[in-house]
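The values are calculated or read from the model by the stated rules, or taken from the named source; none is laboratory data. Note that the coordinates shown come from a computational prediction; the quantities given were computed from them, not determined experimentally. Here Cβ is always computed from backbone atoms with ideal geometry, including for glycine, and neighbour counts include all displayed protein chains. Side chains are part of the model used for accessible areas, which takes the heavy atoms of the whole protein and leaves out ligands, DNA and RNA. Shrake-Rupley method; radii C 1.70, N 1.55, O 1.52, S 1.80 Å.
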Amino acid sequence: MKDAASLISNMRQNEEIARKLFEIETEILTCKNSNQLFNTLFTSLQEKFNLGGVFLLLNDTASVEVLNASSTASLNKQFFAQHENVFTAKQRQFERYLDGIKITLTNRIHEVPGLLPAKILKNYKSLANIPLYVEGRLFASLIFTDQAPDRFHKNLGTYHLEQLAVKISLCITNVIAREKLEFLASHDPLTGIKNRRSLEDKMATELSRFKRYDTPFSVVFIDVNKFKPINDTYGHDCGDRVLQYIAFELSSLIRASDEVYRFAGDEFVITLANQTHEEAIGVANRLTEHFTERTFKYANHELQPRISCGTAECMQGDHMDELLKRADHALYAVKKQLAAHT
Ligand SMILES: Nc1nc2c(ncn2[C@@H]2O[C@H](COP(=O)(O)OP(=O)(O)OP(=O)(O)O)[C@@H](O)[C@H]2O)c(=O)[nH]1
């Protein structure tokens, strides 16, 4: 009788765990990006399973490679860097820690190879390590901790945790794959900045804001001076590096509310939300001057890439093409003047 009762109680417990796992799976399946997914994991797992803590130990090498290729790479890095429950380890240490890369349960926390932060060692008596794979690579270990020494120990079954590991790994892989696709559709692969398609979306938003609220909106059209000779003299690879350099510098010179886009070839556009033509001219002068004071090293060569800028402010009745065309005409005038003086 006693055996039957404990069998039933075990079954109920298993059912309960399976139900909670299903709920978590459903929640993470609906996450739109990886930051949301990780946040959901931290909160839901802790709440539903009444855990002391949930931590993520990132495999430094794999996670950086996976996240670098993802659209929200910088967001992700920021997210992980700021999250108090995330810490990282180098690949080799990481594999040693995971003892042959498998699920491990222990209540001898102090015997775990020295990777765990003091706050885990100090506050908890048992833990479970759950390896997560993303794109077939060992990405991280999800760590459940508890104050009770008998919550996790090596004689406990790992069936549910194995299921959880597979499901979470799949969800992370999917969400990162989706972020990558979104990134490729909206960014320029050479420079990593936003592409012309993104510019069109941004301009549509700003033009409709201008129409509704009459807030100023300006653009700066930028072209690299004599870019073709750079390609012709030093090669296409050098030309590519110069474009990356220009994109990087432009991005770091603008305000948080401004955005830089690669328009085509050696042409870039900066959108200046809430800024008048006068302010745009100020920005253009500042950018142009910045490049006149700098050199760019490629192999043994010291190059002096320069830019020219044309500016325009949105007017009533403007469409995207008209605004850009005015900025392009202004740029053309600047270039013409430049050519006349050289
Ligand atoms: N390396 C490299 N070159 C590119 C890329 N896209 C376009 N180009 C080259 O950029 C050059 C742009 O030429 P132009 O803007 O006409 O020439 P420019 O020498 O800058 O002339 P000005 O604007 O009058 O000073 C062309 O030779 C293109 O082949 C790219 O992604 N990488």
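Worth pointing out:
- At a probe radius of 1.4 angstrom, the accessible area of region 196-340 per residue rounds to 53 square angstrom.
- Overall, region 196-340 carries a charge dipole of about 120 debye about its Cα centre when +1 sits on the Cβ of Lys and Arg and -1 on the Cβ of Asp and Glu, all other atoms neutral.
- Net +/- balance of residues flanking M315 in space, Cβ distance below 14 Å, scoring K and R +1, D and E -1: -3
- For region 236-279, the dipole from Cβ point charges (+1 on Lys and Arg, -1 on Asp and Glu) about the Cα centre works out to 120 debye, to the nearest 20.
- Accessible carbon and sulfur surface of region 163-251 relative to its total accessible area, %, 1.4 Å: 56
- Amide N of region 138-173 lying under 18 Å from the label point, which is placed 7 angstrom from the Cα of R19 along Cα→Cβ: 160
- Region 191-342: mean projected area of Cα convex hull, nm²: 9.0
- Shape category assigned to region 277-317 from the gyration tensor of Cα positions, a/c cut at 1.5: prolate
- When the chain is reduced to its Cα atoms, the Kirkwood hydrodynamic radius in Å: 23.9
- Furthest towards positive pole of dipole, I281, A128, N107, structure part the chain, Cβ charges: N107
- Distance violations [Cα-Cα > 32 Å] among K180/K335; K48/K194; K194/K226: K180/K335; K48/K194
- Net charge in the neighbourhood of E27 (other residues with Cβ under 14 Å of its Cβ; Lys, Arg +1, Asp, Glu -1) is +2.
- For region 99-227, a simple Cβ point-charge model (Lys and Arg +1, Asp and Glu -1, everything else neutral) yields a dipole of about 160 debye relative to the Cα centre.
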